[in-house]
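One structure is given here, and the rest of the page talks about it.
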Amino acid sequence: MNVAAAVLAAGGSRRLGKPKQIVPVEGVPLVRRAAQAALDAGCSPVVVVVGGNAATTLTALVGIDVRVVLNPSWRQGLASSLRCAIDDLARRPEGPPGALVVLGCDQPALTAAVLARLIATRGPDAEDAAACTYSGVLGTPAAFGSAWYPRLAAAVGDRGAADLLRAPGARVTAVPWPEGARDIDRPDDLPRE
């Protein structure tokens, strides 16, 4: 089954005060690390949604095999980027992928192994999903079967798929990933390099 990935990297980094997409971790910008993790986990295509800080983010993606999608409505929140990715994937000549991994670009501990575990854990049915859990939260990265696409495309605001993952009756397998609790949002979160 074809598994695509959507790296949601369109935020304006307002709380951080500088583009989080290009914050280096071990010498590699966060957005490039996230996209490379998706590629290394076997995802294809990998769509990177940009918006705020788009020009800067694009420079971090030079030479990597990703599809870049511009979200002109990025100020409307995370869900608008999710819609952009799903719309782009639905227009592919070969049709939408059988499953989709959704991830941000602000979790410095993210690796291909984490994404591969999500993909392997998600059940075979189109209604199945798997999501990382950390600090008592069920969130991204997460892997969704194709039956989730209409719900993901209908999400609104800045929570993306969070409410969908926690909805009663949702077929979601939790994948423990304690390191996912660390993300880059504020200056205090920046890695010491």
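The values are calculated or read from the model by the stated rules, or taken from the named source; none is laboratory data. Small disclaimer: the values here were computed from a predicted structure and weren't measured. Quick reminder, even Gly has a Cβ in these numbers, built from the backbone with ideal geometry, and neighbours come from all protein chains shown.
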Taking the stated definitions as given, is Glu94 of a type in the set (D, E, K, R), touching a strand residue (DSSP E or B) at 6+ places or on another chain (Cβ under 7 Å) and over 16 Å from Val31 (Cβ atoms)? no
Got a sec? Which of Asp106, Asp88 is acidic (Asp, Glu), under 19 Å from Ile184 (Cβ atoms) and surrounded by 15 or more Cβ atoms within 10 Å (Cβ to Cβ)? Asp106
Working carefully through the options Val114, Val68, Val102, find the one that is in a helix (DSSP H, G or I), within 15 Å of the chain's Cα centre (by Cα) and among the β-branched types (Val, Ile, Thr). Val114
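Just the residues that are outside any helix (DSSP H, G or I) and buried (at least 19 other Cβ atoms within 10 Å of the Cβ), please, taken from the range 139-160. Walk me through it before giving the result.
Of the residues in the range 139-160, the ones outside any helix (DSSP H, G or I) are 139-145, 154-160.
Result: Gly139, Thr140, Pro141, Ala142, Ala143, Phe144, Gly145, Ala155, Gly160.
Table: residues versus (1) touching a residue at least 40 places away in the same chain (Cβ under 8 Å); (2) under 19 Å from Arg67 (Cα atoms).
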| position | (1), (2) |
| --- | --- |
| Arg91 | no, yes |
| Val102 | yes, yes |
| Arg117 | yes, no |
| Ala155 | yes, no |
| Gly180 | yes, no |
Could you list all residues from the range 15-65 that are within 23 Å of Ala90 (Cβ to Cβ), touching a Pro at 6+ places or on another chain (Cβ under 9 Å) and either aromatic (Phe, Trp, Tyr) or part of a loop (DSSP other than H, G, I, E, B) (or both)? Cys43, Ser44, Pro45, Leu61, Asp65
Hey, Ala120 loosely packed, with under 15 Cβ neighbours inside 10 Å and in a helix (DSSP H, G or I) or not: yes
Exactly one condition in (1) surrounded by fewer than 19 Cβ atoms within 10 Å (Cβ to Cβ); (2) small (Gly, Ala, Ser); (3) modelled with pLDDT under 90 is false for Ala170; which is it? (3)
Criterion: within 22 Å of Gly42 (Cβ to Cβ) and within 13 Å of the chain's Cα centre (by Cα) - qualifying residue of Ala147, Ala131: Ala131
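Hey, can you tell me all the residues within the range 21-65 that are among the small types (Gly, Ala, Ser) and under 15 Å from the mean Cα position of the chain (by Cα)?
Ala34, Ala35, Ala37, Ala38, Ala41, Gly42, Ser44, Gly51
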Which residue pairs have Cβ atoms under 9 Å apart, sit 6 or more places apart or on different chains, and have a first residue in the range 23-44 that is over 14 Å from Val66 (Cβ atoms) and touching a residue at least 60 places away in the same chain (Cβ under 8 Å) and a second that is buried (at least 18 other Cβ atoms within 10 Å of the Cβ) and of a type in the set (Ser, Thr, Tyr)? Val23/Ser13
